[in-house]
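Worksheet: the structure to be examined is printed underneath.
Nothing in this text is a laboratory measurement; each read-out follows from the coordinates by a stated rule. Just so it is clear, the model here is predicted, and its values are computed rather than measured. Because the Cβ atoms are built from the backbone with ideal geometry, glycine has one as well, and the counts that use them run over all protein chains shown.
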Amino acid sequence: MKPSIFIKNIVSILQTCLPSDKDIIALHEPSLQGNEWNYVKECLDTRWVSSVGKYVDQFEEMLKGTTGAEFAVAVVNGTAALHIALKLVGVAENDEVLVPSLTFIATANAVKYCGAIPHFVDCEERTLGIDPSKLRDYLHEIATIKHGECYNKLTGRKIKAVVPMHTFGHPVDLDPLISLTEEFKLELVEDAAESLGSYYKGKHTGTLGKVSALSFNGNKIITTGGGGAILTNDPALGKLAKHLTTTAKVPHKWKYEHDYIGYNYRLPNINAALGCAQLEQLEGFLERKRMLAKRYTHEFEGLEGVSIFKEQDFARSNYWLNALILDTKYAGERDVLLEHLNQQGIMARPFWEPLHTLNIFSDCPQMELQISESLASRVINIPSTPTLVQTRV
Ligand SMILES: *Cc1c(COP(=O)(O)O)cnc(C)c1O
């Protein structure tokens, strides 16, 4: 299909923002220009490559420092972190867990790993995350409290928890969501996989929920190759998180005694070494990401029909992935736009397919999901690697 003037304008604006000396500009590449090599080499030289070693402990300490969480437990990936986070708040077989339909598959998969059922809720345009006021109205309609627990009147099942996800690093409006969890007796688990370095009213995302999950996959703001972490401020849960993710072995010099069906989810030292080197650079990444977002915002200001997603006043976002939002009337042009950008070597990707539209989740309960469907049809991500801008030029 021939590109419209509208699409040509978007492509040419992006070309002015991005380096011209590269054939392909990735959506998000790891930046490994700090101490990564030194720390990983030290692991190899000392042979501390596996699940015990100083970098695992150091990485957890650094994560506590960065986020302000009381406890941080490093695990093999963000999905494993979510799985354990849900277990820790007591999500059990046949419970329902409220999750946004617009999220990466892992949020809902982790619910399934617990034998529980994802219950899809709508997002709002303001944050791209769960819409707390729409959720409140919905729960007033379908939920009832029995013996201090929330039940779905339509399915008879317990609704145990809600899992807001901070899309592309942009914090969900957490305060109204927290008061809703109090009103409806729900546990709050934050999927903060994308939002390391993002703050809600001055507090780091992932420290407001009872338990939360971070991810350090290769495309995230910092990477450990693969990795994740569980955050909590609750000492008992922090301890249990560590225990469950290390096969629930009872400490002893040689005896193999295990008191739970645990998991082998501990992050290896060699990955944690990468993580320490990456965390040392987080401030710089954040600074560059905000500069890149500013640049995009400025360049797109003059173009009708499209905008760069902007953080709310209550938020300080890490701008992990920049999002270009088309007005509804241009939604039909999204695929042509994707086609042309990728053809020009500018990697661009659509939003995830809303999870309620996937066959694997077709029998899950859901509210009306109009905003999620609308956003999914007209949001694309554009290149967001921090090194795409130079600081202080
Ligand atoms: C990346 C991501 C995860 C999962 O993290 P992995 O480390 O890839 O397992 C979970 N939720 C969201 C929203 C993510 O973006």
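Table for the structure above
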| item | result |
| --- | --- |
| The range 20-108 - Kirkwood radius from inverse mean 1/r over Cα pairs (Å) | 16.9 |
| For the range 274-393, diffusion coefficient by Stokes-Einstein and Kirkwood Rh (Cα), 25 °C, 0.890 mPa s, µm²/s | 150 |
| Hits among aspartates and glutamates - C-alpha to C-alpha of LYS146 under 17 Å, sequence gap 8 or more where chains match | ASP95, GLU96, GLU182, GLU183, GLU187 |
| Proximal lysines relative to LYS289, as straight alpha-carbon distance under 18 Å, when same-chain residues fewer than 8 apart are discounted | LYS220, LYS310 |
| Three semi-axes of the equivalent ellipsoid, the range 205-257, Cα gyration tensor, whole Å, largest first | 26, 17, 6 |
| Size of electric dipole in the range 36-279: Cβ of Lys, Arg +1 and of Asp, Glu -1, about Cα centre, debye, nearest 20 | 720 |
| The chain, helix-only ellipticity at 222 nm - DSSP H runs n ≥ 4, -39,500 (n - 2.57), divided by all residues, nearest 500 | -11000 deg cm²/dmol |
| Globularity ratio of the range 249-339, using Cα Rg and 2.2 N^0.38 Å | 1.85 |
| Two-decimal Rg/Rh across the range 128-225, once Rg and the Kirkwood Rh are taken from alpha-carbon atoms | 1.04 |
| The range 162-303 - Rg over Rh from alpha carbon coordinates, Kirkwood radius | 1.06 |
| Selected from ILE360, ILE159, ILE382 as most flexible by GNM, with the chain as the system and alpha-carbon contacts under 10 Å | ILE360 |
| Antiparallel %, DSSP beta bridges [both residues in the chain], to 5 | 65 |
| Cβ-defined net charge surrounding ILE371, 13 Å radius [Lys, Arg +1; Asp, Glu -1] | -3 |
| Bins of 5 Å, starting at 0 and running to the largest distance - Cα pair percent for the range 36-279 | 1, 7, 14, 18, 19, 15, 11, 7, 4, 2, 1, 0, 0 |
| The chain: most fluctuating residue of ASN359, ASN38, ASN217 per GNM, C-alpha cutoff 10 Å | ASN359 |
